[in-house]
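Following: one structure in structure tokens, then a few remarks.
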Amino acid sequence: MAKVSGFILFAALVLTDCVVVRAQSAPASPDKISHSKAEQNLDRQLGAYPETKYSVDAEKKYTLAGLIDLAQEHNPETRVAWEEAKTRAAELGIARSALYPTIAAMALGGTERIASLIGEYFHRQTIGVFQPYLHVEYLVFDFGGRMGQIDIAKANLLAADLNFNDTHRKIIFAVASAYYRLLNARGQRLAAEASLKNAQSVEEDAQNRLNNGLATKPDLLEATAARAQADYDLQAAIGAEDITHGELATAMGLPPDTAFQVQSIDELPLPKDLADSVDQEIDRAFAQRPELMEQLTRLRAANASIKQARSTYFPSLSFSGDGGWARAYGQQDLLPGSYAAGEVWNVGLQLKWTLFDGTRREHQVAEAEAEKKTAQAGIDALRDQIAQEVWTSYTNMRTALRQQQAAAALLDASEQSYEAARESYSYGVRNILDVVQAQKVLAQARSEDTLARTQLLLQVADLAFRTGDLIQTQPPKVGP
């Protein structure tokens, strides 16, 4: 019966192992999609981590600053960068702990029975010991090895802090960009609605003149085609607005279909001129860009690595010792046993000097020096990249400023041209083609004016992003 039970248990283990192996095996063939039980288990595990959600006031009109605050508070990327910085802070604490001694409380208990040869006979001896004591270890000096590790941890912590700030910089710009794109899409939709109204008015004028015998059927068809085109453009603008609204919600860590209102572009002031020169903008970017500062911390870490690697050429001195109390019991043969107790201790100093290690230390120093040169080259490359980014952004902003001024003038002239064309058409001086063309030019001018204003604001945000100004005006945060 025992053999049968053992066989059943063995078979169950083998079958279980086969099921596990089959569930985690590769797909059976290259031409079919595979859905294993392991994938289903992962799907259920993902359900145990629900998406973090928060609510917004659908009736409140949010400013850009309010949208950024919500994104900084709820975007998971800020929490990731925050926890990364906390991890580097813990690593610094671990590195600093090497400067202090290690003290451990220990207890030793045991018994043994041996045969001791005394004269011509073996005598049985029984010994039992219980010994609680403290064990101390301390590295007295190592010629900079521990301090090198501490300096590396400090550099890594500073790099994590800078990356945390850079994460906020990127999120702020992502929200600002999505916000301005939404304003542009909304402006395009409003411009398309106004164009549709104008096209409908022109179509009504053409119908009235046709009814009164002052226009031809082709004139009405031309106006109807223009109205249909305006309606088509409006539907495209509505779809584009919905998409950009979803992009802004996503940047804030919200579902794309979340309903909320934002401040309109007409409520935003437009810059009139550039405040600083491009050289001033570049210098400020060099002083403020977090990733450039982070690259400098890599240079610090490389210098610390060189210090740590070179310390291995020198000896290290360490101390260790035990101190405590012992209580023992002893018995020989069948004689009565006895107890004894007393303090015990031992101390020692160890001087260790590695004389040969197969050129391991030489390669460690060479590796650290190569990392230092890599960090130095990275700083130069990043400075060139930042300078180019700021130059391009500055030029784009200057161009956007001029385009906005030109677009405003074009819109004013187009409005006057359209009104004049409609009035002339009513008097029979101009034909319907002139009115339709003036209406199309006006629609294009409205679209370009909206685009020029939002592009100017977007380029202002882009220049602040490239120079690092976006994170200089934000209040300090304790968390993400």
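The values are calculated or read from the model by the stated rules, or taken from the named source; none is laboratory data. Because the structure is a prediction, the values reported are computed rather than measured. For neighbour counting, all protein chains shown are included, and Cβ atoms are generated from backbone atoms with ideal geometry for every residue, glycine included.
Residues in the stretch 115-137: is at least one surrounded by 13 or more Cβ atoms within 10 Å (Cβ to Cβ) and part of a helix (DSSP H, G or I)? No, the stretch 115-137 contains no residue that is surrounded by 13 or more Cβ atoms within 10 Å (Cβ to Cβ) and part of a helix (DSSP H, G or I). Sub-8 Å Cβ pairs linking a first residue in the stretch 448-464 that is closer than 25 Å to Ala285 by Cα to a second residue that is at pLDDT 90 or above and among the basic types (Lys, Arg), at least 6 apart or interchain, are Thr454/Arg181; Leu458/Arg181, ordered by first then second residue. Test Ala237 against the criterion of being within 29 Å of Leu182 (Cβ to Cβ) and not in a strand (DSSP E or B), and give yes or no. The answer is yes for Ala237. A residue that is modelled with pLDDT of 85 or more, touching a Lys or Arg at 6+ places or on another chain (Cβ under 6 Å) and farther than 30 Å from Val80 by Cα occurs nowhere in the stretch 224-231. Exactly one residue out of Ala223, Ala285, Ala309 is surrounded by 17 or more Cβ atoms within 10 Å (Cβ to Cβ), assigned to a helix (DSSP H, G or I) and under 31 Å from the mean Cα position of the chain (by Cα): that is Ala285. Looking only at the stretch 142-149, decide whether some residue is touching a residue at least 60 places away in the same chain (Cβ under 8 Å), more than 30 Å from Ile379 (Cβ to Cβ) and exposed (fewer than 15 other Cβ atoms within 10 Å of the Cβ). No, the conditions are met nowhere in the stretch 142-149. Scanning the stretch 102-141 for residues that are of a type outside the set (S, T, N, Q), without any contact (Cβ under 8 Å) to a residue 40 or more places away in the chain and within 30 Å of Ala304 (Cβ to Cβ) turns up Ile103, Ala104.
Against the criterion of being surrounded by 15 or more Cβ atoms within 10 Å (Cβ to Cβ), free of Cβ contacts under 8 Å to residues at least 24 places away in the same chain and under 20 Å from Val435 (Cα atoms), Gln207 qualifies. If only residues of the stretch 60-71 that are buried (at least 19 other Cβ atoms within 10 Å of the Cβ) and touching a helix residue (DSSP H, G or I) at 6+ places or on another chain (Cβ under 6 Å) are counted, the one that is farthest from Val262 (Cα to Cα) is Ala71.
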